[in-house]
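Right, one structure below, let's go through it.
The values are calculated or read from the model by the stated rules, or taken from the named source; none is laboratory data. Since this is a predicted model, take the numbers as computed values, not measurements. For neighbour counting, all protein chains shown are included, and Cβ atoms are generated from backbone atoms with ideal geometry for every residue, glycine included.
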């Protein structure tokens, strides 16, 4: 029998609890889809597979029970996250400088690279190309800077210099 480890004894991850309103909406949609669509479907499959009798060699039963546990774990996680996140809305005071939710266009002249990134919360990264966590070295270097500023991003590979070309916000 497995013992459940109390959450209070687990190490806390050092992640910001901020999220954009779009990011929170996506998490709520994921929660609703899992709870109202996927979970009932998988539950029906488990019930059907269990009705076939011998469960020891029933692959459908074992696979769907495992999937049901995965769904339940994700739903619990989403419920906890959704309640804990602080939604950061755009405010006109942000204009002209990099802060949470900003799209930032940057260029590394030495390497000849140019990127367009959005600074968001950790949970918004999945499935979003060009989104970076506000806890990342790049985001930390960019925060509170303005167009024309050069920032040095410290990484394990080395230091990189980026120039800020443009800052935009979704309003």
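Residue check: residue 37 meets all listed conditions (1) loosely packed, with under 12 Cβ neighbours inside 10 Å; (2) on the phi < 0 side of the Ramachandran plot; (3) part of a loop (DSSP other than H, G, I, E, B) but one, namely (3).
Only a single item in (1) touching a strand residue (DSSP E or B) at 6+ places or on another chain (Cβ under 7 Å); (2) assigned to a helix (DSSP H, G or I) is not met by residue 115, and it is number (2).
Tell me which residues, restricted to region 118-132, are assigned to a loop (DSSP other than H, G, I, E, B) and over 15 Å from residue 143 (Cα atoms).
Narrowing region 118-132 to residues assigned to a loop (DSSP other than H, G, I, E, B): 121, 125-130.
Of everything in region 118-132, those that are assigned to a loop (DSSP other than H, G, I, E, B) and over 15 Å from residue 143 (Cα atoms) turn out to be 125, 126, 127, 128, 129, 130.
If you take the residues in region 1-34 that are in a helix (DSSP H, G or I) and modelled with pLDDT under 90, which one is surrounded by the most Cβ atoms within 10 Å (Cβ to Cβ)?
From region 1-34, those in a helix (DSSP H, G or I) are 7-9, 21-34; that's our starting set.
If we keep only those that are modelled with pLDDT under 90 as well, we get 7-9.
Values: 7: 8, 8: 6, 9: 6.
Applying the filter and picking the extreme gives 7.
For beta carbons closer than 6 Å, sequence separation of 6+ or different chains, a first residue in region 142-155 that is in the same structural domain as residue 108 (by TED's automatic domain parsing) and a second that is assigned to a loop (DSSP other than H, G, I, E, B) and buried (at least 16 other Cβ atoms within 10 Å of the Cβ), the qualifying pairs are 142/98; 143/98; 144/97; 145/98; 146/97; 151/145.
Scan 95, 124, 109 and give me the residue that is at pLDDT below 95 and surrounded by 16 or more Cβ atoms within 10 Å (Cβ to Cβ). Give the steps one after another, and end with the answer.
Numbers: 95 fails: surrounded by 16 or more Cβ atoms within 10 Å (Cβ to Cβ); 109 fails: surrounded by 16 or more Cβ atoms within 10 Å (Cβ to Cβ).
The unique qualifying residue is 124.
Within the option set 166, 140, being out of contact with any strand residue (DSSP E or B) (no Cβ under 7 Å at 6 or more places or on another chain), modelled with pLDDT of 90 or more, under 15 Å from residue 104 (Cβ atoms) and not in a loop (DSSP other than H, G, I, E, B) holds for one residue only, 140.
Filtering region 135-168 to residues that are surrounded by 16 or more Cβ atoms within 10 Å (Cβ to Cβ) and touching a helix residue (DSSP H, G or I) at 6+ places or on another chain (Cβ under 8 Å) leaves 151, 153, 162, 164.
Of all residues being within 21 Å of residue 170 (Cα to Cα) and crowded, with 16+ Cβ neighbours inside 10 Å in region 62-92, which is modelled with the lowest pLDDT? Just the residue, please.
Let us first name the residues in region 62-92 that are within 21 Å of residue 170 (Cα to Cα), namely 85-92.
Subsequent filtering for residues that are crowded, with 16+ Cβ neighbours inside 10 Å retains 85, 88, 90.
Working: 85: 91, 88: 90, 90: 84.
Among those that are within 21 Å of residue 170 (Cα to Cα) and crowded, with 16+ Cβ neighbours inside 10 Å, it is 90.
Per the conditions (1) surrounded by 14 or more Cβ atoms within 10 Å (Cβ to Cβ); (2) free of Cβ contacts under 8 Å to residues at least 12 places away in the same chain; (3) within 26 Å of residue 158 (Cα to Cα), the sole criterion not satisfied by residue 103 is (2).
Identify, from the list 109, 124, the residue that is in the same structural domain as residue 143 (by TED's automatic domain parsing), within 21 Å of the chain's Cα centre (by Cα) and in contact (Cβ under 8 Å) with a residue 12 or more places away in the chain.
On the way: 109 fails: within 21 Å of the chain's Cα centre (by Cα).
The unique qualifying residue is 124.
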